[in-house]
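Take a look at the structure below.
The values are calculated or read from the model by the stated rules, or taken from the named source; none is laboratory data. Please read these numbers as outputs of a predicted model, since none were measured by experiment. For neighbour counting, all protein chains shown are included, and Cβ atoms are generated from backbone atoms with ideal geometry for every residue, glycine included. These accessible areas exclude ligands, DNA and RNA; they are computed on the full protein's heavy atoms, side chains included. Shrake-Rupley method; radii C 1.70, N 1.55, O 1.52, S 1.80 Å.
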Amino acid sequence: MTVAILVVVVVLVLAIATIGIYNGLVKRRNAYRNAFAQIDVQLTRRHDLIPNLVEIARGYLQHERQTLEAVVAARGGAVRARAAARGNPGEPGAMRRLAGAEQTLTRSLGRMFALAESYPDLKGDRTMMQLSEELTSTENRVAFARQGYNDSVMAYNTKREVFPGNLIASVSGFAPAALLEIESPEQREAPRISF
């Protein structure tokens with residue numbers, strides 16, 4: 001009789017522990033997905049500011065059409081990559097494509113702002129200054145959101161890799177999540193905007 005009670009108690013403890021670990025994995029996965037949603041909000045804001053910047057710059061940079069077109073094309077690529085990543089946050093390929101697209105966008109914006117330095121009227125345009133300020137603020141928000149996302153991914157991946165969570169994660173299909181990493185040092189900083 002006591003052996004049967006002991007077996008039942010052990011089974012109950014194991015079941016409760018398994019449920020706890022499973023629920024912990026779900027919570028961590030939901031946390032990194034929510035953290036990605038915060039990145040998505042800030043990237044949307046960034047992407048929405050860019051057409052306004054390009055429109056203002058277009059009037060002044062009429063001879064620099066190629067630079068403006070590069071910014072527009074890079075923005076389009078970043079919007080598509082963000083949409084793909086939103087569909088599956090944490091998926092390694094989607095995170096790499098998003099990081100690459102954002103890196104391309106940052107480089108093209110940097111070229112546009114460097115070029116704008118040669119146009120005093122554009123540098124003095126009040127709307128351009130306000131949009132540039134907003135973009136800088138948004139870049140900082142993106143960096144903070146990316147840090148929060150990466151912290152959440154690290155906590156999730158750690159939970160799914162440590163024993164006994166790794167057993168439950170492998171059986172339950174909890175795939176590893178990818179960080180949103182910046183591959184080049186120049187993307188680690190917001191585009192330099194000085195008007």
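From the Kirkwood radius over Cα pairs of the chain, Stokes-Einstein at 37 °C and 0.692 mPa s returns a whole-number translational diffusion coefficient of 172 µm²/s. Shown for the chain are the DSSP H helices of 27 Å or more along their axis, judged by Cα atoms, with a mean Kyte-Doolittle hydropathy of at least 0.0: 2-60, 92-116. Taken per residue, the accessible surface of the chain reaches 57 Å², heavy atoms only and a 1.4 Å probe.
Each other residue within a Cβ distance under 12 Å of Y119 adds +1 if Lys or Arg and -1 if Asp or Glu, for a net charge of -2. Going by the alpha-carbon gyration tensor, a ≥ b ≥ c the square roots of its eigenvalues, is segment 46-149 rounded (a/c under 1.5) or, if a/c is not under 1.5, prolate (a/b greater than b/c) versus oblate? It comes out prolate by the Cα gyration axes. Summing Lys, Arg as +1 and Asp, Glu as -1, what charge do residues with Cβ under 13 Å from the Cβ of I168 carry, I168 excluded? My count for the surroundings of I168 gives +3.
Surface composition of the chain: carbon and sulfur atoms hold 57% of the protein heavy-atom accessible area at a 1.4 Å probe. Each Lys and Arg Cβ is given +1 and each Asp and Glu Cβ -1; about its Cα centre, segment 38-195 then shows a dipole of about 320 debye.
Contact order for segment 66-144, expressed relative to its length and based on alpha carbon pairs under 8 Å spaced 6+ residues apart, stands at 28 percent.
The modelled label-to-label distance for the pair I182/Q130, using points 7 Å beyond Cα in the direction of Cβ, is 2.8 nm. The heavy atoms of F113 offer some 10 square angstrom of accessible surface to a 1.4 angstrom probe.
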